[in-house]
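The values are calculated or read from the model by the stated rules, or taken from the named source; none is laboratory data. Keep in mind that this is a model prediction, so the values were computed, not measured. All Cβ positions, even for glycine, are placed from backbone atoms using ideal geometry, and neighbour counts span all protein chains on display. Just so you know, the surface numbers come from the protein's heavy atoms only, side chains and all, with ligands and any DNA or RNA stripped out. Shrake-Rupley method; radii C 1.70, N 1.55, O 1.52, S 1.80 Å.
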Amino acid sequence: MTSIQPPSETIWWKQPLDRVEGTWIALALVWSLIMFIMMPLWHVYGKQNLSNEAYRTTPEAFMAKTQAMVDQYTVRTETNQNMPVVHPPPGSDVYLIGRLWQWWPLLELEKGQTYRLHISSMDWQHGFSVQPVNINTQILPGYEMVLTITPDTSGDQTIICNEYCGIGHHNMVGKIYITEGGS
Amino acid sequence: MKNQEFRTCPESGLQFHKPAETLMRLNAVVAVVALLVGGLTALAVTLTRWPTVHWLPADRFYQLLTTHGINMLIFWIIFFEIAVLYFCSSTLLRCRLATPKLGWVAFILMVLGAVLNNVSVFSGNSSVMMTSYVPMPAEPMFYLGLILFAVGALIGCFIFLGTLVIAKEEKTYEGSIPLVTFGALTACIIAIFTISMGAVILIPTFMWSMGWIANIDAPLYRLIWWGFGHSSQQINVAAHVAVWYAIAAIVFGAKPLSEKVSRTAFVLYIAFLQLASAHHLLVDPGLSSTWKIFNTSYAMYLAVLASMIHGLTVPGSIEVAQRAKGLTKGLFEWLRKAPWGNPAFSGMFLSLIGFGFLGGISGVVMGTEQINIIIHNTIYVPGHFHATVVIGTTLAFMSLTYFLIPVLFRRQVFLPGLAKFQPYIFGIGMMVFTLVMMGAGTLGVQRRHWDMAFTDSAIGFDYPASAFTLMGLVGISGMAAIVGGAIFVLITVVSVFFGKRVESDSSYGTETTRLMKAPPSIQPQGGHAAAGKWGFAAPGTFVLAVFFLAIFVVYYWINWKYLASVWPMS
Ligand code: HEM
Ligand SMILES: [Cu+2]
Ligand SMILES: [Cu+2]
């Protein structure tokens, strides 16, 4: 009378359910449905959703847009590689490049303001991970992802690459400085 | 004729077809070799992620992490699964294996593929991780090895199906196929779908690496690769659930609570897996939320429902079998008096608990569209899948091995006293390992990352001290699990190659017997449920299941709460 033998009743599909099974299936099904509904609900009532706004692009086109922003809004440079730090106006389109192995440029955003952050890769796949706030998305070459974000925490954030991208992967670190609003 | 030789194992009553037996042994042995390679690299990788040890240089780390992922997730598991497929068809149905010669072709292709792939990674030019995301290139040999391996595995699947056909034609069994074979059939069908997906993506990628194709679209690669990569996890689940049922049957003579429910749950795996690749793409650009929600949940939650059903019916069937033997005191006498010293049972039960409580809950939580934003590609992810594929699949396969050593290999288990403890060392070590990994991931520690201290980078970042502590605990618990894994490899290798032979007579002949239907259940007075409580045949299991659900619900809401604390975005 075991699971490694054919069922004892030939017409096993007519065997009634055990009560313990029926009860558990009902509970588990209800829970599955609740979990399902939560996702659309969060789109309506929650604040953290990806718009999934994205465009096809090319490294050259994306580079040109980023360069234009850098030329216009750079406020200082940092590190021995003279990385530009840009401070774009609130509400504007901000561009960020992921490439082997840096995030370029460094960003300075105002707390509580909303920005349209465009991100793309110049080469391989990268992972956009903002720490310590802990936001993680995938960055692909040939695609421009647009995140509409509102940094509402104080304190600077670091961008870490969290998609393996070769030998310099662990050194691919960028910055989002957060300034207090109105300054 | 050699193809007609069978032997019956006097201890288990199972009947082995000689060519099938040889193929099962070979596949199982090579599986353990892959486990050994995976285990040695696990040691290296774990010692590097342990911050105070930080053993390997970066290039070695990424190379050996690639080796570890592929040998464990692909080679160890699939070689073993092919052995399981042959066992569940030829052995359980008492039937000759279809086309044993092709079985050899399959085996040789798989070995060749595994060797080519490993050689390519060891050469140092293919440290691309198992996912080999384009456009990061590996050598052509890397993809070629995987393709050959996949073709071999696909042939193995068709041999399984062919054997089912022969068994039916030659009427080697009465009635319907056993539940365990049904589970293996589920795994096989999913495998055929999965391997085809793998071919669809790996063949063009191989051509691209040869320079015959100019470009492969990165998101398309991800979509199809995960159609292979995720669905193959569904093979593992179907296979290890079948192994759970098999061990419950072997150790306790357990019978499914109802065939209908258990079989339907297997069918749900097939029906709702097609686009399960979605939950690897939840934070990818270019896919709509509707698509993500539909595929991550519609596909997933009914498959999740199936796992929740098996999670009840497997221990439930054990409980009913134990209660029928008179272990009816209270809710848990059946469990307390289970054979905890038998590694086949203890391994299986730890596998079930770990898979459900750790792997299952974390998987559903991070597969929620929005919650994925706080988890994607952090070390939470390997935390999750070590709970599913190591505690769930690997430990279940280890438990089955303890049963197979005497039955299939005709050897006594070496160091049986140590074998008793092995599932606990490995299983509990892994449970702690996955928990602390998930903890570190929640603090934003990344997966596949050589240096969480960022000592060489122009811009640094300081993780909180607790993140370093958790990664230290990852190192320590990882070492415990590796000791457990090493004991397993030691016991199996010594038993199989140098172990004492089993004395009883099991010689080959041409006689075969038919597989009989299970005898009708002897209903205790007042029916099944009378041995239980509240009209439930398995009240203890039900209480455990409700406890599980409670933890699930609480943890699920905690994660929404955490998500609500990050920056608003749309
Ligand atoms: C003793 C047991 C094991 C230990 C200590 C261990 C440890 C680890 C560690 C530390 C990582 C690296 C995480 C990272 O940095 O991203 C890893 C990755 C991984 N492990 Fe294991 N592991 C063990 C067994 C297994 C088994 C049995 C399997 C599969 C059946 C497995 C599959 C994987 C996979 C697929 C990866 C991901 C590789 C990648 O990111 O490409 N591991 N493991
Ligand atoms: Cu990167
Ligand atoms: Cu990277």
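Some points to look at:
- Here B:G475, B:G427, B:G439, B:G444 are screened, and the one residue that is in a helix (DSSP H, G or I) and within 14 Å of chain A (Cβ to nearest Cβ) is B:G439.
- Counted residues, region B:310-354 - those being more than 29 Å from B:A481 (Cβ to Cβ), within 14 Å of chain A (Cβ to nearest Cβ) and free of Cβ contacts under 8 Å to residues at least 60 places away in the same chain: 1
- Answer from B:L65, B:L85 - the residue that is in contact with a helix residue (DSSP H, G or I) (Cβ under 9 Å, 6 or more places away or on another chain), touching a residue at least 40 places away in the same chain (Cβ under 8 Å) and open to solvent by 20 Å² or more (accessible area, probe 1.4 Å): B:L65
- Set side by side, the residues B:G341, B:G417 differ, and just one is assigned to a helix (DSSP H, G or I) and open to solvent by 20 Å² or more (accessible area, probe 1.4 Å), which is B:G417.
- Hits in region B:493-518 (condition: within 14 Å of chain A (Cβ to nearest Cβ) and over 22 Å from B:P178 (Cβ atoms)): none
- Matching strands (runs of 3 or more DSSP E) fully within region A:90-182 where at least 1 residues are within 9 Å of ligand 2 (Cβ to nearest atom), surrounded by fewer than 22 Cβ atoms within 10 Å (Cβ to Cβ) and of a type in the set (D, E, K, R): A:93-99
- Residues (of a type in the set (F, W, Y) and more than 14 Å from chain A (Cβ to nearest Cβ)) located in region B:18-64: B:W50, B:W55
- Some residue of region B:459-482 being at pLDDT 95 or above, among the polar types (S, T, N, Q) and open to solvent by 40 Å² or more (accessible area, probe 1.4 Å): yes
- Top-ranked residue in region A:32-59 [being facing another protein chain (nearest Cβ under 7 Å) and of a type in the set (F, W, Y); ranked as surrounded by the fewest Cβ atoms within 10 Å (Cβ to Cβ)]: A:F36
- Some residue of region B:367-384 being within 30 Å of A:W31 (Cα to Cα), in contact with a His (Cβ under 8 Å, 6 or more places away or on another chain) and either at pLDDT below 95 or among the basic types (K, R) (or both): yes
- Residue list for region B:258-305, filter: modelled with pLDDT of 85 or more, closer than 24 Å to B:Y221 by Cα and not in a helix (DSSP H, G or I): B:L281, B:L282, B:V283, B:D284, B:P285, B:G286, B:L287, B:S288
Every residue, every condition in (1) more than 7 Å from chain B (Cβ to nearest Cβ); (2) within 16 Å of ligand 3 (Cβ to nearest atom), yes or no:
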residue: A:H126; (1), (2): yes, yes
residue: A:P132; (1), (2): no, no
residue: A:T137; (1), (2): no, yes
residue: A:P141; (1), (2): no, yes
residue: A:L147; (1), (2): no, no
residue: A:D152; (1), (2): no, no
residue: A:Q157; (1), (2): yes, no
residue: A:Y164; (1), (2): no, yes
residue: A:N171; (1), (2): no, yes
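- When residues in region A:12-31 are screened for being more than 7 Å from every other protein chain (Cβ to nearest Cβ), over 16 Å from B:P539 (Cβ atoms) and not in a loop (DSSP other than H, G, I, E, B), 3 of them pass.
- Scanning region B:359-381 for residues that are away from chain A (no Cβ under 14 Å) and surrounded by fewer than 24 Cβ atoms within 10 Å (Cβ to Cβ) yields a count of 0.
- Some residue of region A:81-89 being more than 20 Å from the chain's Cα centre (by Cα), within 10 Å of chain B (Cβ to nearest Cβ), away from ligand 1 (no atom under 16 Å from the Cβ) and open to solvent by 50 Å² or more (accessible area, probe 1.4 Å): yes
- Of all residues in region B:404-420, none satisfies being in contact (Cβ under 8 Å) with a residue 60 or more places away in the chain and within 14 Å of ligand 1 (Cβ to nearest atom).
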